[in-house]
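These notes are about the structure you will find just below.
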Amino acid sequence: MRRPLVAGNWKMNGSRADNSKLVEALVAGDPGADGAEVLLCPPFVYLWEVGRLIRESSLALSGQDLCAAASGAHTGEVSGAMLRDVGCRYVIVGHSERRSLYGEDDQAVARKYVAAQREGLVPILCVGESLAEREAGHTEAVVLRQLQAVLEVAGAASFAAAVLAYEPVWAIGTGKNATPDQAQQVHALLRARMAREDAIMAASLRILYGGSVKAANAHELFSMPDVDGGLVGGASLNVEEFLAICRAAG
């Protein structure tokens, strides 16, 4: 049985005052009470303080990104060891915004995935297609290519300690979202690809959906057999919305 997982990706939002109010309300709401594992992914500068606020709760901490290098002359970067040092258990790698805005290709994402596991972090590997790629009928080819790049570097066994996230780029921050059937189709494709490597591992692999997840659509999305939770963006900054999403996953 795969335990559902909901990750709230705050992106570049928040302040110390806003974060304190948000986290206190989330801790009081106990979003993991219904069985889902719940992660908060604040900006780097707030990780330590958010980690302190959730220390006595069931909530876990995740980084939004990391550097592929372990240390050294990489001004502005944050290593996996640093993330682990401030209490992170997870880290997002290959988010579509990192790929599209900062030019991270499949090989760069694969290196970050390996770096995360090297430091004992669980990578949340994001894959997904653009609107143009979907309309051209290339969805399957794109997500399988992105996955294959990591398989070639890290191997299938590494996914026993990883999470996949399907995030259709055309649905992120647009108010649009894949229908439950569209999400299920891609999630099933990803699981079937992993089953070719290791059927037992594939059956236990958690695959999240990310792309305008809201309280209004969460239950229907999470009811799909291969959708194991969500990578939530803007809705994770709204206490009631996020709590409702977590309840839908539990």
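No lab work stands behind these numbers, since they all come straight from the coordinates. Keep in mind that what you see is a predicted model, and the values were worked out from it rather than measured. Here the Cβ positions follow ideal geometry from the backbone for every residue, glycine too, while neighbour counts run over all protein chains shown.
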Residues with amide H under 5 Å from that of Gly250, placed H, sequence gap 5 or more: Ala36
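Give the shape of the stretch 51-175 as rounded, prolate or oblate, defined through the alpha-carbon gyration tensor: a ≥ b ≥ c are the square roots of its eigenvalues, a/c under 1.5 means rounded, and otherwise the shape is prolate if a/b is larger than b/c and oblate if not.
Numbers: a/c = 1.77, a/b = 1.52, b/c = 1.17.
Since a/c reaches 1.5 and a/b is larger than b/c, the shape of the stretch 51-175 is classed as prolate.
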Under the Karplus curve 6.51 cos²θ - 1.76 cosθ + 1.60, θ = phi - 60°, whole-Hz ³J(HN,Hα) for the stretch 148-162, x wherever Gly or Pro sits: 4, 4, 7, 4, 5, 8, 9, x, 5, 4, 5, 6, 5, 10, 8
Ranked list, fewest to most other Cβ atoms within 10 Å of each Cβ, for Cys67, Cys41, Cys246: Cys67, Cys41, Cys246
Stretch gain in nm, segment Arg3-Ala216, where the contour uses 0.36 nm per residue and the Cα spacing is subtracted: 74.5 nm
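Suppose a student asked you for the relative contact order of the chain, using Cα pairs under 8 Å spaced at least 6 residues apart; what percent would you report? Mind showing how you got there, number by number?
Details: 488 pairs, mean separation 57.0, N = 250.
It rounds to 23 percent for the chain.
Any chance you could tell me what percent of the C-alpha pair distances in the stretch 77-139 go past 14 Å? Please list the in-between numbers first.
Details: 1166 of 1953 pairs.
Considering the stretch 77-139, 60 percent of its Cα-Cα pairs are separated by more than 14 Å.
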Interchain or long-range residues, amide H under 5 Å from Ile92's placed H: Gly63, Gln64, Asp65, Ile124
Contour minus Cα-Cα distance for Asn13 and Glu240 (0.36 nm per residue): 80.0 nm
Footprinting exposure proxy for Lys21, Lys112, Lys214, Lys11 (fewest neighbouring C-beta atoms within 10 Å first): Lys21, Lys11, Lys214, Lys112
Residue of Val143, Val45, Val27 that the Gaussian network model of the chain assigns the largest fluctuation, springs spanning Cα pairs under 10 Å: Val45
Max mean-square fluctuation residue, GNM over the chain, Cα-Cα springs under 10 Å, options Gln117, Gln182, Gln107: Gln182
Karplus (6.51, -1.76, 1.60) ³J(HN,Hα), θ = phi - 60°, over the stretch 102-118, in Hz, Gly and Pro reported as x: 10, x, 6, 8, 4, 6, 5, 4, 4, 5, 5, 4, 5, 4, 4, 5, 4
Isotropically averaged projected area of the chain, using the convex hull of Cα atoms (one quarter of hull area), nm²: 12.2 nm²
Residue of Ala165, Ala69, Ala28 that the Gaussian network model of the chain assigns the largest fluctuation, springs spanning Cα pairs under 10 Å: Ala28
Leu40 long-range amide H proximity, modeled H, under 5 Å: Gly8, Ala60, Leu61, Ser62
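What order do you get for Ile124, Ile92 when you list them from fewest to most C-beta neighbours inside 10 Å? It would help to have the intermediate numbers written out before the result.
On the way: Ile124 29, Ile92 26.
In order of increasing Cβ crowding within 10 Å: Ile92, Ile124.
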Distance violations [Cα-Cα > 23 Å] among Lys21/Lys112; Lys11/Lys112; Lys21/Lys214; Lys112/Lys176: Lys21/Lys112; Lys112/Lys176
Hull shadow area, averaged, the stretch 10-101 [alpha-carbon convex hull, nm²]: 6.5 nm²
